[in-house]
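S.K.: Take a look at this one; I'll ask things after.
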Amino acid sequence: MADVVGMADQLGADRFHLVGHDWGAAVAWHVAGRHPQRLRSLTALSVPHPAAFARALHGDDQRQRSSYVDVFRQEGKAEELLLEDDATRLRAMLAGTGLSGDVDTYVRRMREPGAMSAALNWYRAAEAAAIDRLGPITTPTMFVWSTADVALGREGAEATVDHVEGPYRFEVLEGVSHWIPEEAADELNRLLLDHLSSA
């Protein structure tokens, strides 16, 4: 959150539009809940409001979808599992989640020294207690979720509305995987331009 606000400060942006996907969406929800005066609008892709996600984790569907997180939190072991045998598991995971394009490019980046640990450290640093300090979302908000997302289910997506007090828009992309920006760029851009122009 401090990085987001700090970048805006350096750019002289007292108020700004914030768009985030995956971990970027998780950070964006927290910025909106703690610094609402700084945002003109919020757009979160794939990841629901943290409290909605936490509630969904009590159900079988989201718990099963998130079962990989326990492995990702095992420092050293997760890196080894994902990168061994020419990153066979990492390649399968990326392809299995619907990532289109050149998987080799992503694998090559994750094989650079420290890169995989840096990516996995997001899972290791996440603390459930942070939700307790998250205020209501009053910023004009658009949440975009996709039905073919293997990691994030419908329950948390639909429950997000319960945590937004400001103007709220929920958009569902049918048949699109978790990788909304890569797979549905034209549709996402259309939604973004409409949302940003109305905020």
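S.K.: Quick test of your reading of the structure: GLY156 fulfils all but one of (1) on the phi > 0 side of the Ramachandran plot; (2) assigned by TED's automatic domain parsing to the domain that holds LEU57. Name the failing condition by number.
M.R.: Tallying (1) on the phi > 0 side of the Ramachandran plot; (2) assigned by TED's automatic domain parsing to the domain that holds LEU57, GLY156 fails exactly one: (1).
S.K.: Of the residues in region 123-177, how many are closer than 26 Å to SER198 by Cβ, surrounded by 15 or more Cβ atoms within 10 Å (Cβ to Cβ), within 16 Å of the chain's Cα centre (by Cα) and not small (Gly, Ala, Ser)?
M.R.: Residues meeting the conditions: 14.
S.K.: Restricting attention to region 142-176, which residues are in a loop (DSSP other than H, G, I, E, B) and acidic (Asp, Glu)?
M.R.: ASP149, GLU165, GLU174
S.K.: Does any residue in region 89-104 that is surrounded by fewer than 16 Cβ atoms within 10 Å (Cβ to Cβ) come within less than 7 Å, Cβ to Cβ, of a residue that is of a type in the set (S, T, N, Q) six or more places away or on a different chain, and which pairs are these?
M.R.: Short answer, once both residue conditions are applied: THR97/SER177.
S.K.: Would you be able to say whether some residue in region 169-188 is more than 27 Å from THR105 (Cα to Cα) and without any contact (Cβ under 8 Å) to a residue 24 or more places away in the chain?
M.R.: no
S.K.: Can I ask one more? Take region 61-105 and flag every residue that is assigned to a loop (DSSP other than H, G, I, E, B) and either more than 23 Å from ALA157 (Cβ to Cβ) or of a type in the set (Ser, Thr, Tyr) (or both).
M.R.: Residues satisfying the conditions are SER66, SER67, ARG73, GLN74, GLU75, GLY76, THR97, SER100, GLY101, ASP102.
S.K.: Run down ALA32, ALA52, ALA56, ALA26 and say which single residue is small (Gly, Ala, Ser), closer than 27 Å to SER117 by Cβ and buried (at least 20 other Cβ atoms within 10 Å of the Cβ).
M.R.: The unique qualifying residue is ALA26.
The values are calculated or read from the model by the stated rules, or taken from the named source; none is laboratory data. Just so you know, these numbers come straight off a predicted model, no measurement behind them. Every residue, glycine among them, receives a Cβ derived from its backbone with ideal geometry; neighbour counts consider all protein chains shown.
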